[in-house]
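Asks: The structure that follows is given in the form of structure tokens.
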Amino acid sequence: MLELEVKGKEYYNEITNEFIEIPSCTLKLEHSLASLSEWESKWNKPFISDKPKTIEETIDYIKCMCLNLCDVHPLTFNSLTQSDLNMIYNYMDSKQTATWFSERERSTPNRDVITAEIIYYWMVSFRIPFECQYWHLNKLLTLIRVCDIKNKPPKKMSKQEAARQRMALNNKRLKKGRHK
């Protein structure tokens, strides 16, 4: 979860000729499948996409991420600074896991459209409990990828890989035999 301190501001409403006081607050944000699903329900388009989002779509996603929305003045989201947005983007991009993948486990990028329902399908397929929909989205996607890799039959080694492995093993045995 990202806790972001947003400073209070004062706005002047030219229509009503009034000043509007927006108090300081702490946004509690969670970039999760639940947030993504809520956003897709409103916008009826995939969130995970190469297409850039408008500022309105971005602000609305931040609202979907907000766990304490009822405690936040609605205009707070319009007063986010570029620094605030950068912190949110960095949080959304963070791995949130110690898991890494070897070159062999990397595959060509999937060009399928990924929506919340596809991710829920993967969770069901791999018997991942639904409470994981509240995890950081990148952590959940990493778990899904791990499940996918672990459930596939082992890949056959290429002839070159097998030869390299045998050569390395033979060299290791030769060195071990010389030290006796």
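The values are calculated or read from the model by the stated rules, or taken from the named source; none is laboratory data. What you see is a predicted model, and the numbers here were worked out from it, not measured in a lab. Ideal geometry is used to build each Cβ from the backbone, glycine not excepted, and the neighbour counts take in all protein chains shown.
Asks: Check off (1) closer than 30 Å to E10 by Cβ; (2) without any contact (Cβ under 8 Å) to a residue 40 or more places away in the chain; (3) part of a helix (DSSP H, G or I) for K53 and give me the number that stays unchecked.
Replies: (3)
Asks: Kindly indicate which of F19, F77, F47 is surrounded by 18 or more Cβ atoms within 10 Å (Cβ to Cβ) and touching a Phe, Trp or Tyr at 6+ places or on another chain (Cβ under 7 Å).
Replies: The match here is F47.
Asks: Filter region 80-101 down to the residues that are more than 19 Å from the chain's Cα centre (by Cα), closer than 12 Å to L4 by Cα and surrounded by fewer than 17 Cβ atoms within 10 Å (Cβ to Cβ) and list them by number.
Replies: The answer is T81, S83.
Asks: Going by what's in this entry, would E57 be described as among the acidic types (D, E) and in contact with a helix residue (DSSP H, G or I) (Cβ under 6 Å, 6 or more places away or on another chain)?
Replies: No, not satisfied.
Asks: Sticking with this one: Sort out which residues of region 8-30 are touching a Ser or Thr at 6+ places or on another chain (Cβ under 9 Å) and within 30 Å of E131 (Cβ to Cβ), and write them in order of number.
Replies: Selection gives C25, L27, L29.
Asks: From the residues in region 130-167 that are small (G, A, S) and surrounded by 10 or more Cβ atoms within 10 Å (Cβ to Cβ), which one is modelled with the highest pLDDT?
Replies: A163
Asks: Return the residues of region 56-85 that are of a type in the set (S, T, Y) and either under 25 Å from M123 (Cα atoms) or part of a loop (DSSP other than H, G, I, E, B) (or both); say none if nothing qualifies.
Replies: Of everything in region 56-85, those that are of a type in the set (S, T, Y) and either under 25 Å from M123 (Cα atoms) or part of a loop (DSSP other than H, G, I, E, B) (or both) turn out to be Y61, T81.
Asks: Taking the condition farther than 21 Å from Q133 by Cα and within 16 Å of the chain's Cα centre (by Cα), does D71 pass?
Replies: No: the conditions fail for D71.
Asks: Criterion first (touching a helix residue (DSSP H, G or I) at 6+ places or on another chain (Cβ under 9 Å), at pLDDT below 95 and in a helix (DSSP H, G or I)) does R173 satisfy it?
Replies: Here the answer is no, as R173 does not meet what is asked.
Asks: Take E14 and tell me if it is more than 19 Å from Y91 (Cα to Cα) and touching an Asp or Glu at 6+ places or on another chain (Cβ under 9 Å).
Replies: no
Asks: Next question. Take region 29-50 and flag every residue that is in a helix (DSSP H, G or I) and either among the hydrophobic types (A, V, I, L, M, F, W, C) or more than 16 Å from the chain's Cα centre (by Cα) (or both).
Replies: L33, A34, L36, W39, S41, K42, W43, listed by residue number.
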